[in-house]
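To keep things clear, I will list the structure first and then write my remarks on it.
The values are calculated or read from the model by the stated rules, or taken from the named source; none is laboratory data. Bear in mind the structure is a predicted one, so any value in this text is a computation, not a measurement. Neighbour counts run over all protein chains shown; Cβ positions are idealised from the backbone, glycine included.
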Amino acid sequence: RRVSLNGKVVLITGASSGIGESVAAEFYRRGARVILASRRESELNRVKEVLMNLEQPNVYPPAVLVLDVSNLDLIPSKVEEAYRIHGRIDIVVNNAGVLSRAEVIESNISVYQDVMQVNYFGVVALTMAVLPRMISNKKGHIVAISSVQGRMAIPRRSAYSASKHAVVAFMDSLRAEVADSGIHVTCIHPGYVKTNIAHVSLTAQGNAYGQEDPNIEQGYDPLDVANEICEAVECNIPDLFQLVSDSSA
Ligand code: NDP
């Protein structure tokens, strides 16, 4: 049975660019009440403007929540702030993520910690903050954007791929735990998507790469990816693979 997203309250992390921005637009088009979360308030406000100028009318203006998912201690109070906006949260899309590209031999251990903090612990902490209420309401949907590299590792992605494997294992285990609680758990495994992720990806020493990926044109359009993500939520698909190539994230 396909569930309507109209009026649903959805908290999307990493909504200031790329896949998260497109996911926010797709939920908004479907009438959802979107809460845009990430670190950069100015970019979240830009996305809010973009959404409000879309052709499809939505009576609920997007809300903006400044949230750093790597700051685990602050996540519970930030989630409380999100709950106060509409009085509930129906869907969480754990999309915020950081890419790293370097060989193990040249890498600083801090890169592994930083990638894990955002891509894995951020997902765990945010899920823990919404789960008790979802369980007592007997409904809710938790989504995580992993990667094809959450199932298959390639060279120069050890930190990133390990973090995405961790997310997949976490989501698989969670899905089994809440199977009888009315809560849905969806893990998305995109192939290469045309976003800014290469630009901000971490080098071996933890600096931003600062250049566009030369293969970017081979990637999926983030809006197509977002459309499929919304459908996966509407249809409660547990795992969605979006394979195009293994050239990047
Ligand atoms: P972008 O770099 O365009 O977007 C990343 C988003 O994450 C930004 O909105 C950024 O916002 C946010 N973010 C980063 N760190 C934090 C943090 N500490 N707290 C909160 N938000 C944060 O990349 P994509 O759109 O490509 O990536 C989105 C997700 O999709 C990631 O999880 C990525 O691993 C995954 N993915 C991407 C693929 C690709 O080819 N592009 C393929 C497979 C998976 P801000 O800077 O404002 O905080």
Looking across region 149-166 at residues that are small (Gly, Ala, Ser) and in a helix (DSSP H, G or I), the single one that is farthest from the chain's Cα centre (by Cα) is SER158
Counting only residues that are at pLDDT 95 or above and polar (S, T, N, Q), which one in region 212-249 is farthest from ALA102 (Cα to Cα)? ASN236
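Residues checked against (1) in contact with a Gly (Cβ under 9 Å, 6 or more places away or on another chain); (2) closer than 22 Å to ALA32 by Cα; (3) modelled with pLDDT of 95 or more:
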site	(1), (2), (3)
ASN94	yes, yes, yes
GLY97	yes, no, yes
SER100	yes, no, yes
GLU103	no, no, yes
VAL111	yes, no, yes
ASP114	yes, no, yes
TYR120	no, no, yes
ASN137	yes, yes, yes
Close pairs (9 angstrom Cβ cut-off, 6 or more residues apart or separate chains): closer than 30 Å to PRO222 by Cα and assigned to a helix (DSSP H, G or I) in region 132-148, away from the ligand (no atom under 16 Å from the Cβ) and not charged (D, E, K, R) anywhere: MET134/ILE89; MET134/GLY140; MET134/HIS141; MET134/VAL178; MET134/SER181; MET134/GLY182; MET134/ILE183
From the list LEU240, LEU174, exactly one residue is buried (at least 16 other Cβ atoms within 10 Å of the Cβ), closer than 22 Å to MET116 by Cβ and touching a strand residue (DSSP E or B) at 6+ places or on another chain (Cβ under 8 Å). Which is it? LEU174
Restricting attention to region 112-125, does a residue exist that is under 17 Å from ILE183 (Cα atoms), part of a strand (DSSP E or B) and under 14 Å from the mean Cα position of the chain (by Cα)? no
Among residues of region 60-75, those that are farther than 11 Å from PHE121 by Cβ and either modelled with pLDDT under 95 or among the hydroxyl-bearing types (Ser, Thr, Tyr) (or both), counted: 1
Conditions first: (1) under 11 Å from ILE12 (Cα atoms); (2) more than 16 Å from the ligand (Cβ to nearest atom). PRO57 passes all but one, so which condition is the exception? (1)
Verdict on ALA169 being over 23 Å from ILE12 (Cβ atoms) and either in contact with a Pro (Cβ under 8 Å, 6 or more places away or on another chain) or not in a loop (DSSP other than H, G, I, E, B) (or both): no
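From the list VAL178, VAL167, exactly one residue is at pLDDT 95 or above, among the β-branched types (Val, Ile, Thr) and more than 28 Å from ASP221 (Cβ to Cβ). Which is it?
Result: VAL178 is the single residue among VAL178, VAL167 that is at pLDDT 95 or above, among the β-branched types (Val, Ile, Thr) and more than 28 Å from ASP221 (Cβ to Cβ).
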